[in-house]
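To start, the structure under review is shown below, and the notes come after it.
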Amino acid sequence: MPPVIESLLAVLIVVIVIVLVILTVYIVKSLKELTLTMQSIRNLTDTTNKELKPAFKSVNNILATVNNVSNATNNQLDMVKKILTTLLGASCIALGNVKSKSGFLSGLISGFNFFRKKRR
């Protein structure tokens, strides 16, 4: 081999070794930073988990309370509906017994007149 090619190969080998050393140092530093970042993320998630558990329990209790109030309100409304249905059903039966030729309105008026006459 001519001496020029040998010197060029020697320079190429030295450059490749230097590039490999630089890449190795870069990769090692990157892995170290990645490890520190992952530890920080793990600490953040642990802290967030510890802080959010009581908040979620509180929200869960509030939602349970709201659900109980809603169920109690629904039960009360159902009871009022039953009472009104019973009362309106009785009034409709009473108004249905009042006979009139002009229909419901005249029957209603005659029913009021009937009760008004009883008072006097």
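Coordinate-derived values only; no laboratory data. Here the structure is a predicted model, which is why all the values come from computation and not from measurement. Counting neighbours? That spans all protein chains shown, and the Cβs are built from the backbone with ideal geometry, glycine included.
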Checklist outcome for this item: Quick calc, Lys50 & Asn74: beta-carbon distance into FRET formula, R0 35 Å, rounding 0.05, result 0.40
Next on the checklist: From the convex hull of the Cα coordinates of segment 1-44, what is the mean projected area in square nanometres?
Outcome noted: 2.9
